[in-house]
Amino acid sequence: MSQASPPAPQPGLFGKQLVLGVTGSIAAYKAVVLLRRLVQEGAEVSVVMTESATRFLSPLTFEILSGRAVTTDLFAANQGMRHLALADQADGIVIAPATANMLAKLALGLADDVLSTMALAATCPLIVAPAMDGEMWNHPTVQAHAETLRARGVTVLQPEEGMLASGDVGKGRLPDETTILSAIEARLCLRQDWAGQRVLVSAGPTQEAIDPVRFISNRSSGKMGYALALAARRRGAEVVLVSGPTALRAPAGIEYVPVNTAEEMGKAIVSRFTWSTVVIMAAAVADFRPARPSHGKLKKTESAWRRIEFEPTEDILETLAKQRATQVLVGFAAETEAVLDHAQQKLVRKGLDLIVGNNVATEGCGFGSDTNAAILVDRTGRVTRFDAMPKRELAERILDAVQALTPTSPGHHPESPSGAHKRTNA
Ligand code: CTP
């Protein structure tokens, strides 16, 4: 019998010690597929099952596929303190699927089974992929637990929309194994697929002076741009972040250039343009500024308040498009209606490779929010829609879309892990 040779191990996860935690969800069978992928990638995976998970699947299945004993019981004589040893040695813990019950235990720090005890004892990154009924996922308690975990630095993936075990359609399906794998790689800083890229990111609002005391600005929080800068850095790029005034902390490992006005932002970006390979303009740059800002504070009695004249600022992206060599240009389109139409028009007008459109009038999207939904349009006309998700997850997907447009970029080798796992979002 001829046997297909296994795929070549990928350096990303190769040799990493992972714990795959499986809980009692009907989606537990999908953990088998995930385990196979992890093992194919060269990870050394120890499986820990809750008691209820063993009702859905036999530990033997995981034992055969992982080539390691499966931990199922806190009190089993032959398993001793194995869960603590695993917690100690693991480079990362992945809980997939995670039930609502497991989310609650993790959020509250309960330790009444082998998996929650191990998670509490571990200090390595934790990635959780919930799967449950849609109503359960939407329950405020479950959402609060997911938020608590995220705030603590746990990666909690969004369940996917679709047909659920109940037969209902809703949001609660376990994300597919490729999505979980990408999250593991991104989290464990293993995906260096942007190494060699020099990325210029703009973020936040600009402030345009009316007088020394007042300015006009907009509601941009900078969160999307900062998430993009961090994601690119995590994936190995050199990053310069040109930021308007925000309440966010300057990220470590990134050259940080604070600016106030559209003019300052333009200068900072244009002067670094030849250095860059990718420019992502996530900033909400003022299109107009007061034409004659007052040198002294305007008194409220002054008639100047009745009519402030504005003049256009330079369109930074349009300037860059005229000067570009091989740089990839990414713009944003914050809209309140007809997002796709406006995004498509801006892509062409500004000579962009990719535009990220979003409806800032929708709840959970845009300014100030930690989540964002988006429509991506690329220069080939491909349109990809993303439902609301944490901005840091959306950032990864935007980078994936940029990468799909740069097949010869240093970070993209078809035979590399990035090539192998690059998600095709279309
Ligand atoms: N942008 C820029 N320079 C400006 C204004 C905007 O580079 N002076 C960039 C933004 O950073 C964003 C994209 O252009 O990536 C789209 O910005 P937006 O304000 O949505 O588009 P405008 O062309 O200003 O169109 P409008 O305000 O009419 O929607």
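Every read-out reported here was derived from the displayed coordinates using simple, explicitly stated rules and does not represent laboratory data. Computed from a prediction, not measured in an experiment: that's the story for all the values here. Virtual Cβ from ideal backbone geometry, glycine too; neighbours counted across all protein chains shown.
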Can you give the extra length, in nm with one decimal, that the chain gains between Asp370 and Glu63 once fully stretched, where that is 0.36 nm per residue apart less the Cα-Cα distance? 106.6 nm
Listed pairs Lys267/Lys300; Lys30/Lys171; Lys322/Lys346; Lys223/Lys322; Lys267/Lys350; Lys30/Lys223 exceeding 26 Å between Cα atoms: Lys267/Lys300; Lys223/Lys322; Lys30/Lys223
Quick check on segment 198-403: what does the Kirkwood estimate of hydrodynamic radius come out to from the alpha carbon pairs, in Å? 17.4 Å
Per 0.36 nm of contour for each residue apart, how much would the distance between Asp168 and Thr326 grow if the chain were fully extended, relative to their Cα-Cα spacing? 52.1 nm
Residues Asp353, Asp91 arranged by fewest to most Cβ contacts within 10 Å: Asp91, Asp353
Residue by residue through segment 142-158, the couplings from Karplus 6.51 cos²θ - 1.76 cosθ + 1.60 with θ = phi - 60°, in Hz, x for Gly and Pro, are 5, 4, 5, 5, 4, 5, 4, 5, 4, 4, 8, x, 7, 7, 10, 6, 7
Proxy reagent accessibility, fewest Cβ within 10 Å first, across Lys223, Lys16, Lys322, Lys267: Lys322, Lys267, Lys16, Lys223
Under 10 Å from the Cβ of Phe367, count the other residues' Cβ atoms, weight Lys and Arg +1, Asp and Glu -1, and hand me the total. +2
Fewest to most Cβ atoms within 10 Å: His83, His139, His145, His295 sort as His295, His139, His145, His83
Percent relative contact order of the chain, based on C-alpha pairs within less than 8 angstrom and at least six residues apart? 11 percent
List the trypsin sites (Lys or Arg not before Pro) in segment 278-320 that DSSP assigns to loop (not H, G, I, E or B) and whose Cβ has at most 12 other Cβ atoms within 10 Å. Which are they? Lys297, Lys299, Lys300, Arg307
Distant-in-sequence amide H partners of Ala373 (H built 1.01 Å from N, under 5 Å): Gly366, Met389
What's the local net charge at Thr71, with K and R +1, D and E -1, over the other residues with C-beta under 12 Å away? -2
Hand me the trypsin sites (Lys or Arg not before Pro) from segment 225-261 located in a DSSP loop with no more than 16 other Cβ atoms within 10 Å, in residue order please. Arg249
Shape call, segment 17-188: gyration tensor on alpha carbons, a/c limit 1.5: rounded
Over segment 17-188, what is the mean sequence separation of C-alpha contacts under 8 Å (at least six apart), divided by residue count, expressed as relative contact order in percent? 22 percent
Return one number: the angle in degrees, 0 to 90 and rounded to the nearest 10, between the long axis of the Cα atoms of helix 339-349 and the longest principal axis of the Cα atoms of the chain. 60 degrees
Quick one: net charge of Met389's neighbours, Cβ under 12 Å, K/R +1, D/E -1? 0
Which FRET efficiency value, to the nearest 0.05, do you get for Val33 and Ala250 by plugging their Cβ-Cβ distance into 1/(1 + (r/R0)^6) with R0 = 45 Å? 0.65
Quick check on the chain: of the DSSP beta bridges with both residues there, what percent are antiparallel, nearest 5%? 30 percent
Percent relative contact order for segment 198-403, counting Cα pairs under 8 Å at least six residues apart, stands at 20 percent
Counting only chymotrypsin sites (Phe, Trp or Tyr not before Pro) that are in a DSSP loop and have at most 11 other C-beta atoms within 10 Å, tell me the longest site-free stretch of the chain. 76-274
Would you mind getting me the FRET efficiency between Glu264 and Ala144? Use the beta-carbon distance for r and R0 = 30 Å, nearest 0.05. 0.15
With θ taken as phi - 60° and the coefficients 6.51, -1.76 and 1.60, list the Karplus ³J(HN,Hα) couplings across segment 215-224 in order, rounded to whole Hz; mark glycine and proline as x. 8, 10, 8, 9, 8, 4, 8, x, 4, 5
Does the chain come out rounded, prolate or oblate by the C-alpha gyration tensor, with a ≥ b ≥ c the root eigenvalues, rounded set by a/c under 1.5 and, if not, prolate when a/b is larger than b/c and oblate if not? prolate
The long-range amide H neighbours of Val239, using H built 1.01 Å from N in the peptide plane and a cut-off of under 5 Å, are Val199, Glu255
Karplus-derived HN-Hα couplings along segment 356-370 (A = 6.51, B = -1.76, C = 1.60, θ = phi - 60°), whole Hz, x at Gly and Pro: 10, x, 8, 9, 6, 8, 8, 5, x, 10, x, 3, x, 6, 8
Looking at segment 17-188, send over the antiparallel percent of its DSSP beta bridges, to the nearest 5. 20 percent
